[in-house]
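Beneath this line is the structure, given in structure tokens, with notes to follow.
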Amino acid sequence: MGMFCRQCEQAAKGTGCEVVGVCGKNEEVAALQDLMLYGLKGLAVYADKARALGAKDETIDKFLIEGLFTTVTNVDFDAVQIAGKLRKCFDEKEKAKGLYEKAYLAKNGSAAPAIAAGPATWNIADSLPALVAQGKEHGVKTQHSDPDILSAIELVNYGLKGMAAYTTHAYHLGKKDEDVFAFYHKALAATADPSLGLMDYVTLSMEVGKMNIQVMGMLYEGHADHYGAPVPTKVQLGTRKRKGILVSGHDLRMLEELLKQTDGKGIDVYTHGEMLPAHGYPGLKKYSHLYANFGGAWQDQYKEFQNFPGAIIFNTNCIQRPADQYNDRLFTWGEVGWPGVKHLTGWHFDDVITKALEAPDLPDAPSKEITVGFSHNAVLGVADKVIEAVKSGAVKHFYLIGGCDGAKPGRNYYTEFAEKVPKDCMILTLACGKFRFNKEEFGDIGGIPRLLDVGQCNDAYSAVQIALALANAFNCGVNDLPLSFILSWYEQKAHVILLSLLHLGIKNIKLGPALPAYLSPNVLKFLVDNFNIGQIGNVDDDLKATLA
Ligand code: FSO
Ligand code: SF4
């Protein structure tokens with residue numbers, strides 16, 4: 001019995017969760033998620049071979065991505081729901097096998113050679129306990145006996161998982177790409193190829209980072225095509241006395257559909273966590289009932305949602321075990337699941353709307369306003385001013401203080417760092433880590449706010465565009481800019497963004513609060529030797545080092 005998972009920053013004792021996940025994942029769900037990854041590898045092996053012969057099927061491509069997303073931290077905790085997805089996984093794997101065999105026969109005039117071992121041969125068990133038992137045979141450590149190679153395989157696995165979340169959001173906005181689908185198949189199939197070695201996987205992990213830049217770019221364009229590029233926008237915090245629905249997650253398309261369906265119904269829609277940047281998009285903020293942002297980062301939901309009497313819906317991570325006080329007002333959607341919580345599929349939100357109308361009004365408690373919407377379009381719109389401010393010495397340094405939040409006390413580092421950044425320096429921020437300091441006053445430099453909220457974690461794409469534009473303007477490399485990356489990480493999306501930054505050659509990143517448990521000493525040494533990546537330490541010392 002037992003489980004082993006070390007895919008997120010919360011990994012117990014800094015090594016891995018072995019009894020129950022710190023996230024709340026039990027061993028049954030852990031085993032089913034391991035089996036999902038195993039089954040998807042089998043699917044990828046066949047889909048990759050089929051594609052090489054010119055045969056493909058978008059339902060297979062799409063399922064692989066949704067299946068990976070299911071296994072991301074704080075997404076799906078519902079064993080029955082995952083078991084259903086496993087059955088679909090098996091069917092899609094068999095479909096990919098059929099595609100491959102048919103294409104092979106057509107090309108060669110003979111039957112395809114059978115694959116005798118590995119995940120391609122997986123046969124689905126017929127009950128939930130049997131699926132769990134199967135999953136236990138395919139745990140994390142079974143992927144390789146060499147700890148360094150296992151570590152490098154995990155770099156790839158978790159990168160693909162994180163990228164899958166972004167690919168799913170982009171897909172919802174009509175953005176998809178043949179090269180991206182093909183890459184998933186190639187990369188995931190490679191993780192099950194016993195002929196590959198350490199550097200093959202390290203190199204592949206950098207390719208995942210590269211592909212993720214393309215995917216984040218697709219997502220950025222999907223958002224901009226549908227809703228216009230974000231613009232600096234003041235966002236109300238708190239609640240007002242009307243009915244309300246709180247939306248948590250990252251999926252803006254889902255929010256848009258809900259806004260359309262609640263229009264004129266006397267319901268306000270609130271953003272939570274990573275939905276905050278929605279307020280900066282012209283095509284979303286035009287809905288006057290997209291009223292405010294409520295609460296802080298994901299790890300505070302258990303307490304904060306008890307003070308939100310309306311309906312609540314999660315469209316992606318990070319969900320936690322709900323309190324009894326709001327369990328019956330809570331809904332999950334997309335890949336998210338929690339046992340006993342009503343799950344919605346498709347694009348109709350009648351159940352949420354009915355629940356919100358039945359629920360009492362929210363308290364009349366509006367608080368302050370904050371500003372969001374500083375994507376690269378907005379920042380580069382004032383590029384002349386920014387460049388001039390750097391040249392004149394009015395701006396000495398830029399800090400990207402971004403990434404995910406979490407429950408560990410060491411995360412106060414990021415608040416303290418932001419507060420101690422000298423007044424002649426600017427702060428770019430993104431993702432949910434900013435909730436630790438985004439309600440503070442940072443002032444401005446020559447009319448440009450010192451704290452610029454670039455957006456969601458995937459808007460790391462925008463932050464990269466800002467960095468590249470600055471490097472271009474100053475005719476230097478990104479590493480030569482007065483720019484430091486102070487990153488907090490939590491789950492696999494943050495991991496894949498890190499891979500993207502490393503692919504771009506960005507050095508001296510400070511990462512915390514802890515380094516990933518899945519980095520073996522030798523893989524970590526590779527990252528330190530090549531990128532001088534380091535763990536956060538003491539704020540004063542780290543700050544001093546960036547300004548040296
Ligand atoms: Fe945070 Fe959760 Fe956006 Fe993550 S809400 S922790 S890395 O899902 O994706 O920043
Ligand atoms: Fe532990 Fe994180 Fe895995 Fe959950 S996802 S079991 S907290 S390592």
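The values are calculated or read from the model by the stated rules, or taken from the named source; none is laboratory data. None of these values were measured; they are calculated from a predicted model. Here the Cβ positions follow ideal geometry from the backbone for every residue, glycine too, while neighbour counts run over all protein chains shown. For the accessible areas, the whole protein counts, side chains as well, though only heavy atoms, and no ligand, DNA or RNA atoms are used. Shrake-Rupley method; radii C 1.70, N 1.55, O 1.52, S 1.80 Å.
Data table
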item	result
The chain, accessible surface, carbon-and-sulfur percent (1.4 angstrom probe)	53
Shape category assigned to segment 240-368 from the gyration tensor of Cα positions, a/c cut at 1.5	rounded
Label-point gap, in nm, between Ala117 and Thr59 - each point 7 angstrom along Cα→Cβ	3.3
Table column - 3J(HN,Hα) (Hz), segment 326-343, Karplus curve with 6.51, -1.76, 1.60, x for Gly and Pro	10, 3, 7, 9, 9, 10, 10, 8, x, 7, 6, x, 9, x, x, 9, 4, 9
Computed FRET value (nearest 0.05) for Ala12 with Tyr302, which takes r as the C-beta separation and R₀ as 30 Å	0.95
Of the DSSP H helices in the chain, those whose Cα atoms cover at least 20 Å axially and whose Kyte score averages 0.0 or more	27-52, 147-172, 198-227
Per-peptide average of other Cβ atoms within 10 Å, ordering 502-509, 82-89 highest first	82-89, 502-509
Residues whose placed amide H lies under 5 Å from that of Gln10, excluding near-sequence neighbours	none
Centre separation in Å (Cα based) which lies between segment 203-217 and segment 53-105	21
Distance in nm between pseudo-label sites at Ala106 and Asn475 (7 Å out along the Cβ direction from Cα)	5.6
Gap separating the Cα centres of segment 308-346 and segment 249-292, nearest whole Å	17
For the chain, the longest site-free run once GluC sites (Glu not before Pro) in DSSP loop states with at most 14 other Cβ atoms within 10 Å are removed	138-439
Of Lys41/Lys525; Lys161/Lys260; Lys56/Lys175; Lys62/Lys93, pairs whose Cα-Cα distance is over 24 Å	Lys41/Lys525; Lys161/Lys260
Rounded, prolate or oblate (a/c below 1.5 giving rounded, otherwise prolate when a/b exceeds b/c) for the chain by Cα gyration tensor	oblate
Residues whose placed amide H lies under 5 Å from that of Leu246, excluding near-sequence neighbours	Tyr270, Ala311, Ile312, Ile313
Linear extension gain, Lys420 paired with Lys210, 0.36 nm per residue minus alpha-carbon span	72.3 nm
Probe 1.4 Å, protein heavy atoms only - accessible area per residue of the chain in square angstrom	37
Alpha carbon convex hull of segment 52-207, projected area averaged over orientations, nm²	10.1
